[in-house]
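The values are calculated or read from the model by the stated rules, or taken from the named source; none is laboratory data. None of the values given here were measured: they were computed from a predicted structure. Please note: Cβ atoms are built from the backbone with ideal geometry, for glycine as well, and neighbour counts cover all protein chains shown.
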Amino acid sequence: MKKLLLICCISILAVPAFSQSPAGRQVISLDQDWEFYKGSIGANIDTTSLSWQQVSIPHTWNNIDMQQDSTYYEGDGWYKKTIYLGDEYKDKRLFLRFSAVGNVADVYVNGRLMGEHKGGYSAFCFEITSAVHLGEKNIIMVKANNEMRPDVIPVNNRLFANYGGIYRHVNLIITGKLNITTLDYASSGVYISQENVSNKSADISVKVKLENKYDAPQKVDIKAILDDEKGEFVQSSAIESEVSSQGVTVVEIPVPILNPHLWDGRKDPYLYAIKVEVLSHDTIMDAVTQPLGIRYFDIVPGKGFYLNGKPYRLYGVCRSQDWWGVGNALTDSMQKVDMDMIDDIGATSIRFDHYQQANMIYSLCDTLGIMLFTEIPFVNAWSGKESSNAKQQLIELIRQNYNHPSIFAWGLHNEVYCKYPTDYPAQLTHELNDIAKSEDSYRYTVSTSGYGKMKLPMNGMADIQAMNSYYGWYEGKIGDLEGWVDGLQKKYPDYKVILSEYGAGGNVSQQAYHPDRPKDVVGGQFFPEEYQTKLHVEEWPVIEKHPYLIASYVWTMFDFCVPGGWNRGGVLNRNMKGLVTFDRRIKKDAFYWYKANWSPQPVIHIGDRRLKQRTQSDNNIEVFSNLQQVQLWLNDKLQASPQQGTNDKDFIWKNVLLKKGVNKLKAVGMEQGKRYEDEIELTY
């Protein structure tokens, strides 16, 4: 066993020992023991004289100022790490893989520039073999910059915060001279496609991209091993190939499967695994494992989404990745908290707004059976200089996530507009669609408009037209949503349409009796939670009965940061349309409304519970529940039977009379002989 030594400043810190993996590849976390300096470092500056801060990855320097101040730091942030690599890595290839750095990263090893990456949400990988010194200390330095640039999407901070820093994992990847590529846009180098899928058979094809740094071509066997969900062997296929010492060699391995166990969304998200091994004389030179969820899907205009030949409603939430006080530098446990909440609410789909998210999140969606609409951050505005970067980020999004069975659509833009279909952003969208279909002809493409009209210059360029419609908030009245959907279906019955955003702001610290829409939703300071609840209670039943809408997404699951002085609803820099507060501590009433409608788990929840101080005796009490025999008790007295509200999950008791002082309310429901309760206290 040999040891890899990490050296920071003058300290030599022992780390876990590593030996050559039997699979021919090592992946070593470099998340710990970095140094950070906020500011620019000029040429010929002695970096040892600077005040460096000890940090771990994930890290951002904007977790406080972007969230709490009207101004924030934009500029350079430098990271430094010293590592020792021994002679055991002779004749190996070494790569640095960054899961994300915001927003532009320059990576140096021993003073040499390894490469620059533009874009703060996708992974990137640089080979560092020629720059390292074996048997010596090696200094890694990363310059991260979060200034908004016209050539990097997004081009502004108007919709969400673009935090600076190395905020996702960093790994050192070590392979032999012949390996499955790590440099194909930082993808796995393995691409699994499916055709002719049914419960009787499936034609699986595994494409592998190989690199050979030996002086001569090498003959190898490439094996695709299929394991079931328990990790037990099912079958394998293999081919022999000669790998050129020039360029990249691409091989495809057919893996026909009989009687496959289908990946069936939330009902049964069954996952196989395919392990690709590269062997020379029975010695494993490299290996990569990827998930395989065997499924097929389709969209039938007017009838909706079909998974494995059966209707499958897609409803759920949009998800922003940042947390209060943390920014985007989430730990894995925080990522899981988010997914646990989305799982708990019963969503069948998520729209990732408006950027590529952590690979762990995609993997959790595979495991939970939650289908995804994921997109690049070509949002809100255009500069005319971002074409190359938008294309790069789209290719990264697709190749890095190609094998996730949960993904059904690639998003090309959100709320980007122009006057004519010949204008720059429209032409760029055409080109993005062509790239997406060339990269992945199986999945759908989506373009998203903030206007509820079908015939706009930026619309109709993708397979699906998504629309953000905020009836009852930015436009019209709550009741206008149904007329809008009916009008689209009547005029465009053969179109594929997604309701990509809907919702309203809701501040859990602000309460009101029977509130109307705030008079000023752009600059107003009073966004009572009760209005948010009212909007969702009225709009979901409309969506529910319109399968014409392929998918629908609440904006949004979690409150999030909009930096630079966004000031709405009484909290600076906070978009409060989430169903859960920014710190993930409070699930708003609307959360439980959707859980009652979406989740198979027993739900009973008394609404308007934070309006604790009542100023009138006569009250309507609303309960959200998916249980049977729902009852309401007031001060231990059973109330009369409820009326049905907007659907069968909405129970309303009218003219409930509170007594002076403290009143105890208890809602009760039954399921399979088991009793469930929710209790609150109200003061009159």
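Going by the conditions given, is Y444 touching an Asp or Glu at 6+ places or on another chain (Cβ under 7 Å), closer than 24 Å to F305 by Cα and either surrounded by 14 or more Cβ atoms within 10 Å (Cβ to Cβ) or basic (K, R) (or both)? So that I can check it myself, show each step before the final result.
Working: touching an Asp or Glu at 6+ places or on another chain (Cβ under 7 Å): yes; closer than 24 Å to F305 by Cα: yes; either surrounded by 14 or more Cβ atoms within 10 Å (Cβ to Cβ) or basic (K, R) (or both): yes.
Considered against the rule, which asks whether it is touching an Asp or Glu at 6+ places or on another chain (Cβ under 7 Å), closer than 24 Å to F305 by Cα and either surrounded by 14 or more Cβ atoms within 10 Å (Cβ to Cβ) or basic (K, R) (or both), Y444 comes out as yes.
State which residue is nearest to P425 (Cα to Cα) when the search covers only the range 462-483 and only residues that are buried (at least 21 other Cβ atoms within 10 Å of the Cβ) and touching a residue at least 40 places away in the same chain (Cβ under 8 Å).
Keep residues of the range 462-483 that are buried (at least 21 other Cβ atoms within 10 Å of the Cβ), which gives 462, 464-469, 471-473, 481.
Within this subset, residues satisfying the condition of being touching a residue at least 40 places away in the same chain (Cβ under 8 Å) are 462, 464, 466, 468, 471-473, 481.
Details: A462: 13, I464: 18, A466: 17, N468: 19, Y471: 27, G472: 30, W473: 28, L481: 29 Å.
Filtering the range 462-483 for residues that are buried (at least 21 other Cβ atoms within 10 Å of the Cβ) and touching a residue at least 40 places away in the same chain (Cβ under 8 Å), the one nearest to P425 (Cα to Cα) comes out as A462.
Go through (1) part of a strand (DSSP E or B); (2) surrounded by fewer than 18 Cβ atoms within 10 Å (Cβ to Cβ) and name the single condition N199 misses.
(1)
State which residue pairs qualify: first residue under 18 Å from S237 (Cβ atoms) and in contact (Cβ under 8 Å) with a residue 12 or more places away in the chain and inside the range 267-287, second residue in a strand (DSSP E or B) and of a type in the set (D, E) in any location, beta carbons under 6 Å apart, and separation of 6 or more residues or different chains.
A273/D227; V278/D286; L279/D221; I284/E277; A287/E277
Got a number for residues in the range 487-506 being within 23 Å of T646 (Cβ to Cβ) and either of a type in the set (S, T, N, Q) or touching a residue at least 60 places away in the same chain (Cβ under 8 Å) (or both)?
9
Restricting attention to the range 626-649, does a residue exist that is in contact with a helix residue (DSSP H, G or I) (Cβ under 8 Å, 6 or more places away or on another chain), among the acidic types (D, E) and within 20 Å of E544 (Cα to Cα)?
Filtering the range 626-649 down to residues in contact with a helix residue (DSSP H, G or I) (Cβ under 8 Å, 6 or more places away or on another chain) leaves 626, 645-647, 649.
Next, only the ones that are among the acidic types (D, E) stay: none.
Checked the range 626-649: no residue is in contact with a helix residue (DSSP H, G or I) (Cβ under 8 Å, 6 or more places away or on another chain), among the acidic types (D, E) and within 20 Å of E544 (Cα to Cα).
Scan the range 336-354 and tell me whether some residue there is in a helix (DSSP H, G or I), at pLDDT 95 or above, farther than 26 Å from D31 by Cα and in contact with an Asp or Glu (Cβ under 8 Å, 6 or more places away or on another chain). Show your work before the answer.
Taking the range 336-354 as the starting set, the residues that turn out to be in a helix (DSSP H, G or I) are 336-345.
Still in the running and at pLDDT 95 or above: 336-345.
Okay, now just the ones that are also farther than 26 Å from D31 by Cα, so 341-345.
Still in the list and also in contact with an Asp or Glu (Cβ under 8 Å, 6 or more places away or on another chain): none.
No, because not a single residue in the range 336-354 is in a helix (DSSP H, G or I), at pLDDT 95 or above, farther than 26 Å from D31 by Cα and in contact with an Asp or Glu (Cβ under 8 Å, 6 or more places away or on another chain).
State whether the residues of the range 462-485 include one that is assigned by TED's automatic domain parsing to the domain that holds Y424, over 26 Å from A590 (Cβ atoms), assigned to a loop (DSSP other than H, G, I, E, B) and modelled with pLDDT of 95 or more.
yes
Mind telling me which of the residues L307, L364 ends up being outside the structural domain of I498 (by TED's automatic domain parsing) and either farther than 30 Å from R149 by Cα or over 14 Å from the mean Cα position of the chain (by Cα) (or both)? Give the derivation first.
On the way: L364 fails: outside the structural domain of I498 (by TED's automatic domain parsing).
The unique qualifying residue is L307.
From I398, I370, I407, grab the single residue that is surrounded by 20 or more Cβ atoms within 10 Å (Cβ to Cβ), touching a residue at least 60 places away in the same chain (Cβ under 8 Å) and among the β-branched types (V, I, T). Outline the logic, then answer.
Values: I398 fails: touching a residue at least 60 places away in the same chain (Cβ under 8 Å); I407 fails: touching a residue at least 60 places away in the same chain (Cβ under 8 Å).
That would be I370, the only listed residue that is surrounded by 20 or more Cβ atoms within 10 Å (Cβ to Cβ), touching a residue at least 60 places away in the same chain (Cβ under 8 Å) and among the β-branched types (V, I, T).
When you go through G569, G564 one by one, which is the residue that is buried (at least 22 other Cβ atoms within 10 Å of the Cβ), outside the structural domain of G327 (by TED's automatic domain parsing) and of a type in the set (G, A, S)? Lay out the reasoning, then the answer.
Numbers: G564 fails: buried (at least 22 other Cβ atoms within 10 Å of the Cβ).
Unique residue meeting the criteria: G569.
Which of the residues spanning the range 428-461 are of a type outside the set (A, V, I, L, M), part of a strand (DSSP E or B) and farther than 14 Å from C418 by Cβ? If you could, list the steps in order and put the result at the bottom.
Of all residues in the range 428-461, those of a type outside the set (A, V, I, L, M) come to 429-431, 433-434, 437-445, 447-453, 455, 457, 459-460.
Cutting the leftovers down to part of a strand (DSSP E or B) gives us 444-445, 447-449.
If the condition is that a residue be of a type outside the set (A, V, I, L, M), part of a strand (DSSP E or B) and farther than 14 Å from C418 by Cβ, then Y444, T445, T448 are the ones that fit.
Spot the failing condition for I204; the list is (1) assigned to a loop (DSSP other than H, G, I, E, B); (2) buried (at least 18 other Cβ atoms within 10 Å of the Cβ), and only one is missed.
(1)
What are the residues in the range 39-52 that are surrounded by 10 or more Cβ atoms within 10 Å (Cβ to Cβ) and closer than 15 Å to K81 by Cα, if any?
T47, L50, W52
Which residue is surrounded by the most Cβ atoms within 10 Å (Cβ to Cβ), if the candidates are limited to the range 283-322 and must be over 30 Å from Y167 (Cβ atoms) and β-branched (V, I, T)?
I294
Of all residues in the range 517-558, how many are without any contact (Cβ under 8 Å) to a residue 60 or more places away in the chain, under 30 Å from D494 (Cα atoms) and among the aliphatic types (A, V, I, L, M)? Walk me through how you get there before you give the answer.
The first filter runs over the range 517-558 and keeps only residues without any contact (Cβ under 8 Å) to a residue 60 or more places away in the chain, leaving 517-528, 531-532, 534, 536, 545.
Of the ones still in play, those that are also under 30 Å from D494 (Cα atoms) are 536, 545.
Now drop any that are not among the aliphatic types (A, V, I, L, M), which leaves none.
The total comes to 0.
How many of the residues in the range 648-677 are surrounded by 15 or more Cβ atoms within 10 Å (Cβ to Cβ) and over 23 Å from T615 (Cβ atoms)? Please lay out each step first, then the result.
Quick first cut of the range 648-677, residues surrounded by 15 or more Cβ atoms within 10 Å (Cβ to Cβ) only: 649-653, 656, 658, 663, 665-671, 676.
Checking the rest, the ones that are also over 23 Å from T615 (Cβ atoms) come to 649-651, 668-671, 676.
Qualifying residue count, the range 648-677: 8.
For residues in the range 269-302 being of a type in the set (V, I, T) and closer than 30 Å to A347 by Cα, which is farthest from the chain's Cα centre (by Cα)?
Restricting attention to the range 269-302, the residues satisfying the condition of being of a type in the set (V, I, T) are 274, 276, 278, 283-284, 288-289, 294, 299-300.
Narrowing the set further to residues that are closer than 30 Å to A347 by Cα leaves 274, 289, 294, 299-300.
On the way: I274: 24, T289: 22, I294: 22, I299: 23, V300: 26 Å.
Within the range 269-302, the match that is farthest from the chain's Cα centre (by Cα) is V300.
Please specify each residue of the range 388-441 satisfying the condition of being closer than 25 Å to S552 by Cα, more than 16 Å from the chain's Cα centre (by Cα) and not hydrophobic (A, V, I, L, M, F, W, C).
Hits for the range 388-441 are E415, Y417, T429, H430, N433, K437, D440, S441.
Can V155 be described as of a type in the set (V, I, T), outside the structural domain of N359 (by TED's automatic domain parsing), part of a strand (DSSP E or B) and at pLDDT 95 or above?
Details: of a type in the set (V, I, T): yes; outside the structural domain of N359 (by TED's automatic domain parsing): yes; part of a strand (DSSP E or B): no; at pLDDT 95 or above: yes.
The answer is no for V155.
List every residue pair whose Cβ atoms sit under 6 Å apart, with the two residues 6 or more apart in sequence or on different chains, where the first one lies in the range 642-666 and is within 15 Å of Q631 (Cα to Cα) and the second, anywhere, is surrounded by 15 or more Cβ atoms within 10 Å (Cβ to Cβ) and of a type in the set (G, A, S).
Going by the 6 Å Cβ cut-off, the qualifying pairs are K649/A596; I652/G645.
Would it be correct to say that L226 is in contact with a Pro (Cβ under 6 Å, 6 or more places away or on another chain), surrounded by fewer than 21 Cβ atoms within 10 Å (Cβ to Cβ) and touching a residue at least 40 places away in the same chain (Cβ under 8 Å)? First the steps, then the outcome.
Details: in contact with a Pro (Cβ under 6 Å, 6 or more places away or on another chain): no; surrounded by fewer than 21 Cβ atoms within 10 Å (Cβ to Cβ): yes; touching a residue at least 40 places away in the same chain (Cβ under 8 Å): yes.
Spelling it out, it is not the case that L226 is in contact with a Pro (Cβ under 6 Å, 6 or more places away or on another chain), surrounded by fewer than 21 Cβ atoms within 10 Å (Cβ to Cβ) and touching a residue at least 40 places away in the same chain (Cβ under 8 Å).
Could you check the range 56-87 and list, in sequence order, the residues that are among the β-branched types (V, I, T), farther than 18 Å from Y108 by Cβ and out of contact with any helix residue (DSSP H, G or I) (no Cβ under 9 Å at 6 or more places or on another chain)? Step through it out loud before you land on a result.
Our first condition is that a residue be among the β-branched types (V, I, T); within the range 56-87, this holds for 57, 60, 64, 71, 82-83.
Cutting the leftovers down to farther than 18 Å from Y108 by Cβ gives us 60, 64, 71.
If the condition is that a residue be among the β-branched types (V, I, T), farther than 18 Å from Y108 by Cβ and out of contact with any helix residue (DSSP H, G or I) (no Cβ under 9 Å at 6 or more places or on another chain), then I64 is the only one that fits.
Every residue in the range 53-74 that is aliphatic (A, V, I, L, M) and either surrounded by fewer than 18 Cβ atoms within 10 Å (Cβ to Cβ) or part of a loop (DSSP other than H, G, I, E, B) (or both), please.
Kept after step one, since they are aliphatic (A, V, I, L, M), are these residues of the range 53-74: 55, 57, 64, 66.
Matches in the range 53-74: I57, I64.
Looking at this structure, is I239 free of Cβ contacts under 8 Å to residues at least 60 places away in the same chain and closer than 17 Å to Y296 by Cα? So that I can check it myself, show each step before the final result.
On the way: free of Cβ contacts under 8 Å to residues at least 60 places away in the same chain: yes; closer than 17 Å to Y296 by Cα: no.
When the stated conditions are applied, I239 does not pass them.
Scan (1) outside any strand (DSSP E or B); (2) charged (D, E, K, R); (3) in contact (Cβ under 8 Å) with a residue 60 or more places away in the chain for the single condition K219 breaks and write down its number.
Result: K219 fails condition (1) only.
Filter the range 487-541 down to residues that are closer than 12 Å to A590 by Cβ and of a type in the set (A, V, I, L, M, F, W, C) and give me whichever is surrounded by the most Cβ atoms within 10 Å (Cβ to Cβ).
Going through the qualifying residues, I end up with A504.
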